[in-house]
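All remarks here apply to the structure that follows.
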Amino acid sequence: MSAGDVIIAEPSNKKLEFRALMFEKEKSQVEAKIREYLTTESIEDPVLEFRQIPFSGEWGIAVPLFPVAAGEARSGKKIIVPKRAQELAEGIKNYLHGSGFGFSHIDAVNGYLNLYFSTSEYAQRVVDTILETGEDYGRGEDLAKTVMVEYSQPNTHKSFHVGHLRNVILGGSICRILEFAGYRVIRANYLGDIGLHVVKWMWNYLKNHVGEVPGENKTHWMNDIYAEADRLFQDPSNEAEVRELYGRWNARDPEVVALWQKTRQWSLEGFEQIYDLLGETFDRIYFESEVEDSGVVLVEKMIEEGLAVDERPEGPVFIDLDAVLGTEDEYRVLVLLRSDGSSLYATKDLPLAIKKFEEYDLDQSIYVIDVRQSLYLKQVFKTLEVLGYPWADKLYHLAYELVNLPGNVTMASREGTVVLFDDLVAEATSRARTIVDEKNPEVSDEAKTSISEAVALGALKYTMLSRDNSKVVTFDWDAALDFNGQAAPYIQYAHVRANSILRRAGETLPKAAPFPDNLEKAEVDLIELLTRLPGEVVRAAEQFRPLTIAGLSYDLAKAFNDFYNTCHVLNAEPEVRAYRLRLVAAAQQVIATSLNLLGIEAPSAM
RNA sequence: GCCCCUGUAGCUCAAUUGGACAGAGCACUGGACUUCUAAUCCAACGGUUACAGGUUCGAGUCCUGUCAGGGGCGCCA
């Protein structure tokens, strides 16, 4: 996404880290003392900013004194800023007698004032908080803001390939993250159920496949007929027949409409199979066919009002946005109707946007669409603003880059350069199955199937989500099917290990357990990562970036694996066993939550 | 011609939004299974953050310019 565009909420300056939240009381007490000291140095109303200390085994918060010293320098004092910052930090440290206010010790280093928490106290507060809140750990409060996210947008009668997959996975994860962050989310889909591609499909069906019905895999079957139609259509001798059928469709010939309804339904059922597999559901499905007529009416109105230029039949109907707005080469020209009066994307996107706001009271309307349509959507949004819709500034294009094939080849059904969704899933699942058979031969066949599916889909989703929205994904079979390293199965496996320990413990979790001050490094590192979830959820929601959650989930898994190897739980001393069991339970919870936000299953066995 | 995106280790990517020493995975090399599941872990190797200026106490991050790659720009979707 590009920065500086519309953001859902006000960008939060409540960048209070979780750690600071848990030590809020201590923090505000010490902040008052720091201000008190700075007053004695004749510094009034300084800019005090709390940030994290780069973590090195001990928790705390830091106050950089550079802004304060720089302020002094600007007001004319002859000082060297870094030196003065360090001097101030030391001054404060002495003023606070090096500790107190709930902090175990206070340091002045490199111009920063570092305030450290008691390790045992901090560790226990973190783990207790997670276990008390359970799956709600990290969940934001209800923000009473409604957001619609439109994503997926496949064309009926066509294929579903890996390019479409990135959209669904990204959109789905964004919805989960926004929901968890406290927004009320409406998942919308918008299907291309009319147009030349549909007519071509019906023509081929009538000519070569009458009476046939889809097999088990409906989307694949639909696409086979479409691909064949597209090929046959290359032959000019077939053009007349297709055009004739298009005419009958435009005249709403009942026979053609009936066929359209029946075949469209097959496509819908096929998409439903895919969405089920991916774990996606939609609250509202829009169709191009339901907004086309109102779109034409709207364009006619724009012509009457003089907003749109009508050059028919020699030329199209368009709005010259730069002319209307007095800009130059910025918004260009948006074509609204073809010269023959037929509709285009814009004809339908304008009324669709209006319809959304008629149906729902939206605080934000998000379009998850690839980056190539940036100018187009900018034009659509601007046109709605020009038309006077007060909600036009609530429209947001969440752009993402394409999934290309090696050699920077764009996936296109027409060129035959596609990797179909079901082929990919079948291959991934089969590879996962081979590994499950080898690693876990004793579990039931049913369990093996569900594990393979969770692993295969998890791996595909993680690959898409662990890359920034603005980066092109180059699809490569080996990379997509690599279950090693920084990939979903690694994270899922950590969850399985945690689950395994808890299962073998065979008792209810100790209600409370004190943590010692001399924790192992692996324990400290793990606890540190557990505290990051709430902040990352807020950040991911503000920036529409699942990537941050993908990164955290991997870091968590890595830290847990390290803990698993260095810290034994079940055969440890009773006190140690007690707090470690609670730590394992907390880690399992946070890993599961982060995977869930990515739409990835957290299996209990692998 | 104009606009947008990208450029970080051999490869694929991160970097808490201007903060402390730029981190992971893959690949290569060498180690660790009689232990809570080795789909794991440890160690080693790997950097002039495309280039040149500028702003700043501080720049991979911000501003200007250059280079390279990708995308978009009146009747495709």
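The values are calculated or read from the model by the stated rules, or taken from the named source; none is laboratory data. Please read all numbers here as calculations on a predicted model, not as lab measurements. As a convention, Cβ positions derive from the backbone with ideal geometry for all residues, glycine included, and neighbour counts pool all protein chains shown. Just so you know, the surface numbers come from the protein's heavy atoms only, side chains and all, with ligands and any DNA or RNA stripped out. Shrake-Rupley method; radii C 1.70, N 1.55, O 1.52, S 1.80 Å.
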Counting only residues that are of a type in the set (Gly, Ala, Ser), over 19 Å from A:Glu573 (Cβ atoms) and touching an Asp or Glu at 6+ places or on another chain (Cβ under 7 Å), segment A:507-540 contains a total of 1
Testing A:Ser342 on (1) crowded, with 16+ Cβ neighbours inside 10 Å; (2) closer than 21 Å to A:Glu288 by Cα; (3) within 15 Å of RNA strand B (Cβ to nearest atom), one condition comes back false. Which one is that? (1)
Among the residues of segment A:569-595, which ones are assigned to a loop (DSSP other than H, G, I, E, B), open to solvent by 30 Å² or more (accessible area, probe 1.4 Å) and free of Cβ contacts under 8 Å to residues at least 12 places away in the same chain? A:Asn571, A:Glu573
What pairs come up if the first residue lies in segment A:490-504 and is among the polar types (S, T, N, Q), the second is surrounded by fewer than 19 Cβ atoms within 10 Å (Cβ to Cβ), and their beta carbons are under 6 Å apart, counting only those six or more places apart or on different chains? A:Asn499/A:Ser604
Long-range neighbours under 7 Å by Cβ, at least six apart or interchain, first residue open to solvent by 50 Å² or more (accessible area, probe 1.4 Å) within segment A:537-553, second more than 10 Å from RNA strand B (Cβ to nearest atom): A:Val538/A:Ser12; A:Val538/A:Gly140; A:Val538/A:Ala181
Right, A:Val455: crowded, with 20+ Cβ neighbours inside 10 Å, more than 8 Å from RNA strand B (Cβ to nearest atom) and closer than 28 Å to A:Gly215 by Cα or not? no
Test for A:Arg264: is it among the basic types (Lys, Arg), open to solvent by less than 80 Å² (accessible area, probe 1.4 Å) and assigned by TED's automatic domain parsing to the domain that holds A:Ser159: yes
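If I ask for residues that are away from RNA strand B (no atom under 16 Å from the Cβ) and either under 22 Å from the mean Cα position of the chain (by Cα) or part of a loop (DSSP other than H, G, I, E, B) (or both), which ones from segment A:357-375 would you list? Quick ask: steps written out before the conclusion?
Step one: filter segment A:357-375 for residues away from RNA strand B (no atom under 16 Å from the Cβ), giving A:357-366.
Answer for segment A:357-375, where residues must be away from RNA strand B (no atom under 16 Å from the Cβ) and either under 22 Å from the mean Cα position of the chain (by Cα) or part of a loop (DSSP other than H, G, I, E, B) (or both): A:Tyr360, A:Asp361, A:Leu362, A:Asp363, A:Gln364, A:Ser365, A:Ile366.
Let's see how each residue does on (1) touching a Ser or Thr at 6+ places or on another chain (Cβ under 7 Å); (2) part of a strand (DSSP E or B); (3) at pLDDT 95 or above:
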position	(1), (2), (3)
A:Glu280	no, no, yes
A:Gly295	yes, no, yes
A:Glu300	no, no, yes
A:Phe318	no, yes, yes
A:Val324	no, no, yes
A:Asp329	no, no, no
A:Leu336	yes, yes, yes
Exception for A:Asn484 within (1) at pLDDT 95 or above; (2) near RNA strand B (Cβ under 7 Å from one of its atoms) falls at (1)
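Residue under question is A:Thr133, and the condition is that it be within 36 Å of the chain's Cα centre (by Cα), farther than 17 Å from A:Ala62 by Cβ, away from RNA strand B (no atom under 14 Å from the Cβ) and open to solvent by less than 50 Å² (accessible area, probe 1.4 Å); does it hold? Spell out how you get there, then give the answer.
Details: within 36 Å of the chain's Cα centre (by Cα): yes; farther than 17 Å from A:Ala62 by Cβ: yes; away from RNA strand B (no atom under 14 Å from the Cβ): yes; open to solvent by less than 50 Å² (accessible area, probe 1.4 Å): no.
Spelling it out, it is not the case that A:Thr133 is within 36 Å of the chain's Cα centre (by Cα), farther than 17 Å from A:Ala62 by Cβ, away from RNA strand B (no atom under 14 Å from the Cβ) and open to solvent by less than 50 Å² (accessible area, probe 1.4 Å).
Across segment A:183-209, what is the total count of residues that are assigned to a loop (DSSP other than H, G, I, E, B) and at pLDDT below 95? Lay out the reasoning, then the answer.
Residues of segment A:183-209 that are assigned to a loop (DSSP other than H, G, I, E, B), as a first pass: A:183, A:193-195, A:209.
Filter again for at pLDDT below 95, leaving A:195.
Selection size over segment A:183-209: 1.
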Would you mind stating whether A:Ser237 is small (Gly, Ala, Ser) and more than 40 Å from the chain's Cα centre (by Cα)? yes
Among residues belonging to segment A:505-524 that are in contact (Cβ under 8 Å) with a residue 60 or more places away in the chain and assigned to a helix (DSSP H, G or I), point out the one that is nearest to RNA strand B (Cβ to nearest atom). A:Ala505
Selected residue (only one of A:Pro390, A:Pro406 is open to solvent by 60 Å² or more (accessible area, probe 1.4 Å) and within 11 Å of RNA strand B (Cβ to nearest atom)): A:Pro406
